[in-house]
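Heads up: the structure comes next, in structure tokens.
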Amino acid sequence: MRTCFPTMSGFTLTFLGSGTSYGIPMIGCHCPTCTSQDPRDNRLRSSVWIHNEDVSLLIDSGPDLRLQALRYGIERLDAMLLTHTHADHLNGLDDLRAFTRLTHQPLPVYAAQEHIQFLMSHFEYVFQERNPAFGWGIPRLEPHAVWDAPFTVGPLCIQPVPLLHGRWLSIGYRMGNLAYLTDCSGIPESSLPLLEGIQVLVIDALRTKPHPTHLHFDSALALARFLGAAHTYFTHISHETLHASEQARLPEDITIAYDGLNLNVSL
Ligand SMILES: [Zn+2]
Ligand SMILES: [Zn+2]
Ligand SMILES: [Zn+2]
């Protein structure tokens, strides 16, 4: 079923954010993680940037998008891949206008059909023909519905991976031997063949205790073992996880991701 194979090395995956929906520190919280001086405990909302000199892809446009783009130097995008429509993954959408303002081209956005329908009802203006009265002051997006068939962006072959996220749908994305599976409580059997042979796994692991709509450390670790990833990165981390002490308890092939972490990947 899978048709995407790694063909090119030399890409970087940058964690723009690795935190759960509140971000860390949480407003009004004085717990050890929210008051930690370890920069790895300071987490913006989860998203990643996959890039090299030729290609620039964003996965999710959370509410910290502007800060993330400035912090990590994102100045152009070829496409945005949306995992789902929860606010912590979507509500920076309007800041995509900074990119379309520069190119005067609509930005392709890849998402499940039901997520595109949500965008069309909540952000209708980003799909309208450009109104000369607004110039390029509003974002212009070009929707592409995805499910389980691969698609291409420039030289990249991208495999969407439908995931369970409690009672919601979330879309993971596989490129080459890398899979990014945020906001996931389980992988449907029909999606397992899409993940055969992955080497680098980025997966939701909210905290050590179970949660109804997210994987936790034990369930994420079990899935990493089942999928046979060579190295796994936990993301979408809550303030119940103090980086240094929890990392020390994990096997060597499991890393708790943190903001600004860069991975060299083959796609
Ligand atoms: Zn989330
Ligand atoms: Zn806290
Ligand atoms: Zn979510």
With the requirement that a residue be of a type in the set (Gly, Ala, Ser) and surrounded by 19 or more Cβ atoms within 10 Å (Cβ to Cβ), what does the range 35-49 give you?
Ser46, Ser47
List the strands (runs of 3 or more DSSP E) that sit entirely inside the range 7-119 and contain at least 2 residues that are without any contact (Cβ under 8 Å) to a residue 60 or more places away in the chain.
47-51, 56-59, 107-112
Only one of (1) acidic (Asp, Glu); (2) open to solvent by less than 30 Å² (accessible area, probe 1.4 Å); (3) in contact with a Leu (Cβ under 7 Å, 6 or more places away or on another chain) does not apply to Asp183, and that is (3)
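Restricting to the range 54-95, what's the tally of residues that are closer than 18 Å to Thr152 by Cβ and among the charged types (D, E, K, R)?
The number of residues fulfilling the criteria is 2.
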Elements of type strands (runs of 3 or more DSSP E) in the range 140-208, at least 1 residues being over 20 Å from Phe226 (Cβ atoms) and either among the hydroxyl-bearing types (Ser, Thr, Tyr) or out of contact with any helix residue (DSSP H, G or I) (no Cβ under 6 Å at 6 or more places or on another chain) (or both)
141-146, 151-153, 156-165, 168-175
The range 135-149 - residue that is within 18 Å of Ile187 (Cβ to Cβ) and out of contact with any Leu (no Cβ under 9 Å at 6 or more places or on another chain) and, of those, least open to solvent (accessible area, probe 1.4 Å):
Ala149
Answer yes if at least one residue in the range 148-164 is hydrophobic (A, V, I, L, M, F, W, C) and within 14 Å of ligand 3 (Cβ to nearest atom), and no otherwise.
yes
Taking the options Leu192, Leu201, Leu178, name whichever one is modelled with pLDDT of 95 or more, open to solvent by 10 Å² or more (accessible area, probe 1.4 Å) and of a type in the set (A, V, I, L, M).
Leu192
For the range 101-115, how many residues are closer than 18 Å to Asp78 by Cα and at pLDDT 95 or above?
5
Might you check whether a residue that is of a type outside the set (A, V, I, L, M, F, W, C) and in contact with a strand residue (DSSP E or B) (Cβ under 6 Å, 6 or more places away or on another chain) occurs anywhere in the range 196-212?
no
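Quickly run through the range 10-34 and pick out the residues that are within 16 Å of ligand 1 (Cβ to nearest atom) and open to solvent by less than 10 Å² (accessible area, probe 1.4 Å).
If the condition is that a residue be within 16 Å of ligand 1 (Cβ to nearest atom) and open to solvent by less than 10 Å² (accessible area, probe 1.4 Å), then Phe15, Leu16, Gly17, Ser18, Gly19, Gly23, Ile24 are the ones that fit.
The values are calculated or read from the model by the stated rules, or taken from the named source; none is laboratory data. Fair warning: this is a prediction, and the values are worked out from it, not measured in the lab. FYI the Cβ positions are ideal-geometry reconstructions off the backbone, even for glycines, and counts take in every protein chain you see. What goes into the accessible areas is simple: the full protein's heavy atoms, side chains included, and nothing from ligands, DNA or RNA. Shrake-Rupley method; radii C 1.70, N 1.55, O 1.52, S 1.80 Å.
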